[in-house]
Amino acid sequence: MEQVAAYVPYMVTPGNHDAKYNFSHYKNRFTMPRSSDNMIYSWNIGRAHIISFSTEFYYFLQYGFTQIRSQYEWLERDLQEASKQENREQRPWIISLGHRPMYCSNTDQDDCTYVRDRVRKGLLGFYGLEELFHKYGVDLELWAHEHSYERLWPIYDRTVYNGSEEEPYVNPKVPVHVVTGASGCSEKHDGFGPAMPWSAVRCSDYSYSRVTVYNTTHLYMDLYSVDQNATVDKFWLIKERNSLPLTRIISMAEAWKQKREIL
């Protein structure tokens with residue numbers, strides 16, 4: 001990796017293989033922006049605001065529970081800032097990076113195969129990230145950990161909310177999740193079980209993903225297979241910014257209902 005890392009800028013996100021000695025090797029080897037330990041940070045690039053965070057806080061509890069709360073509070077502050085109108089106009093795309101996914105359809109019995117995934121729902125119902133990311137309109141959530149690739153339909157609370165039947169990724173009201181963890185590992189691939197209702201595309205090739213933010217409304221992502229020496233998946237995520245997130249539509253409908261009841 002050094003031959004690439006010495007010349008190409010790259011950003012890091014902690015995973016389970018970094019956990020020894022409370023992630024000390026990971027914390028001291030890299031220097032990420034606005035972070036003292038590289039576990040949580042964010043940066044702006046072009047039209048995107050990108051957030052890297054630690055899913056491992058939810059699993060390595062021997063290092064403390066307060067880190068979960070501290071990260072949750074940091075994420076909310078960061079998302080509040082990124083969601084301010086003047087900031088969203090400049091950088092409308094919010095993209096998150098985390099190691100362990102909220103959803104997957106693999107056969108390895110990782111947490112993402114269960115209904116109450118820790119990252120998604122939190123511990124004992126506290127500090128779950130799915131609701132938080134949905135509340136602030138995160139557009140694209142990128143994950144790894146599973147040694148495979150899985151593109152999901154737009155999903156929230158285990159329910160698919162496609163933009164439309166014909167164009168699922170045009171103005172979706174909920175985030176789009178992509179698990180892209182098949183770049184290569186000595187443990188080889190993770191197999192797939194039956195496809196879930198949210199499974200759009202699944203691939204076990206050794207591969208890597210590329211994301212291009214073209215402008216304020218169009219984001220393109222593809223999957224390049226090293227095995228086939230070809231692009232094997234691609235999609236456009238299109239968001240017209242007058243399209244409200246699902247939570248705001250629901251809250252507006254409830255407010256209107258209450259207003260009618262008062263009248």
query = Among the aspartates and glutamates, which fall within straight-line cross-link reach of LYS84, defined as a Cα-Cα distance under 16 Å, with same-chain neighbours fewer than 8 residues apart omitted?
reply = GLU76, ASP139
request  = Per residue of the stretch 23-32, in order, report the coupling 6.51 cos²θ - 1.76 cosθ + 1.60 (Karplus, θ = phi - 60°) as ³J(HN,Hα) in whole Hz, putting x for Gly and Pro.
outcome  = 6, 4, 5, 5, 5, 9, 8, 10, 9, 9
request  = List, in order, the whole-Hz ³J(HN,Hα) value for each residue of the stretch 59-72 obtained from phi through the Karplus relation with A = 6.51, B = -1.76, C = 1.60 and θ = phi - 60°; use x for Gly and Pro.
outcome  = 10, 9, 6, 5, 8, x, 8, 5, 5, 5, 5, 4, 5, 4
request  = Could you list, in their original order, any pairs among LYS27/LYS234; LYS20/LYS188; LYS173/LYS234 whose Cα atoms are separated by more than 26 Å?
outcome  = LYS27/LYS234
task = Taking amide H positions as placed in the peptide plane 1.01 Å from N, state which residues far from VAL176 in sequence (5 or more) or on other chains have amide H under 5 Å from it.
result = LEU140, GLU141
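222 nm [θ] for the chain, helices only, -39500 (n - 2.57) per DSSP H run of 4+, per residue, to 500? Spell out each step's value before the answer.
Details: 7 runs with 65 residues, N = 263.
The per-residue figure over the chain is -7000 deg cm²/dmol.
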request  = Read phi for every residue in the stretch 103-115 and hand back ³J(HN,Hα) as whole Hz from Karplus 6.51 cos²θ - 1.76 cosθ + 1.60, θ = phi - 60°, with x for Gly and Pro.
outcome  = 9, 6, 10, 7, 9, 8, 6, 5, 4, 5, 8, 9, 5
ask   = Which percent of the accessible area of the stretch 1-68 is formed by carbon and sulfur heavy atoms (probe 1.4 angstrom)?
value = 55 percent
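Counting only protein chains, not ligands or nucleic acids, how are LYS234, LYS84 ordered by accessible area (probe 1.4 Å), most first? If you can, show how the numbers build up before the last one.
On the way: LYS234 130, LYS84 90 Å².
Result, largest first: LYS234, LYS84.
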query = Classify the stretch 44-136: rounded, prolate or oblate, from the alpha-carbon gyration tensor (a ≥ b ≥ c, eigenvalue square roots; a/c under 1.5 rounded; otherwise prolate if a/b is larger than b/c)?
reply = prolate
ask   = Based on the alpha-carbon gyration tensor of the chain and its eigenvalue square roots a ≥ b ≥ c, which shape applies: rounded if a/c is under 1.5, prolate if not and a/b is larger than b/c, or oblate?
value = rounded
note = For THR55, other-chain or 5+-apart residues with amide H closer than 5 Å (H placed, Pro excluded) are HIS99, ARG100
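Antiparallel as a % of all DSSP beta bridges within the chain, to the nearest 5?
Details: 32 of 45 bridges.
Beta bridges within the chain, antiparallel portion: roughly 70 percent.
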ask   = Could you give the accessible area per residue of the chain, probe 1.4 Å, as a whole number in Å²?
value = 54 Å²
query = Sequence-distant or interchain residues sharing an amide H contact under 5 Å with ASN106, placed H: which?
reply = GLY193
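The values are calculated or read from the model by the stated rules, or taken from the named source; none is laboratory data. For clarity, every value in this text was computed on a predicted model and none was experimentally measured. Heads up: the accessible areas ignore ligands, DNA and RNA and are worked out on the full protein's heavy atoms, side chains in. Shrake-Rupley method; radii C 1.70, N 1.55, O 1.52, S 1.80 Å.
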